[in-house]
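The values are calculated or read from the model by the stated rules, or taken from the named source; none is laboratory data. Bear in mind the structure is a predicted one, so any value in this text is a computation, not a measurement. Ideal geometry is used to build each Cβ from the backbone, glycine not excepted, and the neighbour counts take in all protein chains shown.
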Amino acid sequence: MPNATALAIEGGNPAVPADVHVAWPDVTEDDRLLALKVIDAPVKDLGNPNSRILREFEVRFAEFSGREHCVALSSGTAALLAGLVAAGVKPGDKVVVPALTFATAHAVLAAQAIPVWCDIDPRTFNLDVNLLPGLVDEQTTAIMAVHLHGLPVDMKPLMEFAKARGLKVIEDVAHAVGATYDEQATGTFGDGAAYSFHGQKLPQGSDGGAFTCDDPEIALAVRMFAYYGEELPVLKPGEVATHWSRWFGFNLRMHPSAANWVLPQLPRVPRYVETAQDNAEILIKGIQDIPGFVPPHIPLDRTSSHHLVRILLDPEALGWEGEVTELRDRLVQALQKEGVHAGYWLTHPQPKNPVFRRGGPVAWSPGAVDEPLEPYRAADYAVTQHVLDSSIVIGRAPHPLQVQPSKVAEHYNNAFEKVAENMDAIFSMPFTAPRFVPAISDN
């Protein structure tokens, strides 16, 4: 019969009860009603770039974010791209990007700029500000400050460096709504900030994004780039739109349904962030005394929104002598069987991706020739690779920390203790490596 002390992977009872998690998104009846209102909205509020629904969203989100201006966009990636272009990044310019990120670097490439990769700080997992002097030259025009997993970048030295060099700073706040640096909100430091309302983000609108800033000229440039380069005047009686595109642009507008889904969540964001912080504190306090598990480092001048919690592994303390990636994978499998929502968030530095080693933005098409890639300089991103090889992630959707009752974090700690007490069994159990898809190689 299953028992509480045996590992679940060996037939024991899981440490985390099956019905204890709360799923994200957290949708109230009022949320549903407001989102459904879009179905009955007049066409002028649907396909119109001056939609009343979008304009109301922009006013309220600007106030929420602490910036003067907001432009509603179709995704966080669209916000990053439009922000870069509006900030004056031109084709061929260089933009500093952390080696541990995701959509940020794709936006740089879409702007026809050149990503310049910066390795990460081994404790915060953010861009290592100390490396910036060796990465910037006369072609560099911007730095992407990605507040990874909810923890702000070290913004004071970053902003001082950028100001001294005349560089623009675009913040990626997709993970970090509600986080602070020196008691100042993320998204209020740089020349502008990009937000994502993807279904896994906080707040979420199924998808969508926004760009915020204080400079009205940058806001106007974002707005024009997001609608075919038009200036978008609000029409007066008797006026007819000519769709006169003076500049280059795309259609990157937010769908009104996303706006109506995000808006009612804004008053709840502080509660969500506080819940995530409380749960993370329980986890950190529980894990820090277990040899071999290193909880995330939160500097005293920062608060994290804890979009994710990345836990480093110490193979020596755990008694493991094999490949660290196998240790990681064994522990992920054991913790998942115990009911912990453990897993991965990326397994390789972004500059390893073939898309960033083709000499520019090259899209696939039938018959495309796969030319030789530029060499991947693994040593330049050794810290990023080490972190990814030797860490596990807690709190991914559909069970993020922001909606979990505190008992979930307490059960998680019990699971970590249980696993730590049974490492010999984990080391000796039959093991099948996870099949990461698609396969990753250096070529």
Answer yes or no as to whether Gly292 is at negative phi, crowded, with 17+ Cβ neighbours inside 10 Å and not aromatic (Phe, Trp, Tyr). no
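Residue-by-condition table, conditions (1) within 22 Å of the chain's Cα centre (by Cα); (2) at pLDDT 95 or above; (3) within 28 Å of Leu202 (Cα to Cα):
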| site | (1), (2), (3) |
| --- | --- |
| Pro216 | no, yes, yes |
| Val222 | yes, yes, yes |
| Phe225 | no, yes, yes |
| Pro237 | no, no, no |
| Arg246 | no, no, no |
| Pro267 | yes, yes, yes |
| Thr275 | yes, yes, yes |
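Here's the yes/no breakdown for (1) of a type in the set (Gly, Ala, Ser); (2) in contact with an Asp or Glu (Cβ under 7 Å, 6 or more places away or on another chain):
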residue: Val222; (1), (2): no, no
residue: Glu231; (1), (2): no, no
residue: Ala241; (1), (2): yes, no
residue: Pro256; (1), (2): no, yes
residue: Asn260; (1), (2): no, no
residue: Pro267; (1), (2): no, no
residue: Gln277; (1), (2): no, no
residue: Pro295; (1), (2): no, no
Of (1) surrounded by fewer than 19 Cβ atoms within 10 Å (Cβ to Cβ); (2) touching a residue at least 40 places away in the same chain (Cβ under 8 Å), Leu135 fails just (2)
Looking only at the range 51-92, count every residue that is without any contact (Cβ under 8 Å) to a residue 12 or more places away in the chain and within 24 Å of His175 (Cβ to Cβ) and tell me the total. 1
Within the range 369-385, can one find any residue that is touching a Leu at 6+ places or on another chain (Cβ under 7 Å) and crowded, with 17+ Cβ neighbours inside 10 Å? yes
Breaking point among (1) in a strand (DSSP E or B); (2) in contact with a helix residue (DSSP H, G or I) (Cβ under 6 Å, 6 or more places away or on another chain), for Ile311: (2)
So which of Trp261, Trp320 ends up being among the aromatic types (Phe, Trp, Tyr) and under 21 Å from the mean Cα position of the chain (by Cα)? Trp261
Apart from one, (1) surrounded by 13 or more Cβ atoms within 10 Å (Cβ to Cβ); (2) in contact with a helix residue (DSSP H, G or I) (Cβ under 8 Å, 6 or more places away or on another chain); (3) within 24 Å of Tyr412 (Cβ to Cβ) all hold for Ser257; the odd one out is (3)
State yes or no: is Glu230 closer than 23 Å to Cys70 by Cα, modelled with pLDDT of 90 or more and either in contact with a His (Cβ under 6 Å, 6 or more places away or on another chain) or of a type outside the set (A, V, I, L, M) (or both)? yes
Whether any residue in the range 161-184 is of a type in the set (S, T, N, Q), at pLDDT 95 or above and touching a Gly at 6+ places or on another chain (Cβ under 8 Å) is what I want to check. no
If the requirement is being crowded, with 21+ Cβ neighbours inside 10 Å, closer than 20 Å to Asp214 by Cβ and assigned by TED's automatic domain parsing to the domain that holds Val153, which of these qualifies: Val71, Val108, Val59, Val97? Val71
Unmet requirement for Ser441, which otherwise passes all of (1) in contact with a helix residue (DSSP H, G or I) (Cβ under 7 Å, 6 or more places away or on another chain); (2) of a type outside the set (A, V, I, L, M, F, W, C); (3) outside the structural domain of Ala317 (by TED's automatic domain parsing): (1)
Identify, please: which residue in the range 303-353 is β-branched (Val, Ile, Thr) and crowded, with 19+ Cβ neighbours inside 10 Å and is, among those, nearest to Val153 (Cα to Cα)? Thr303
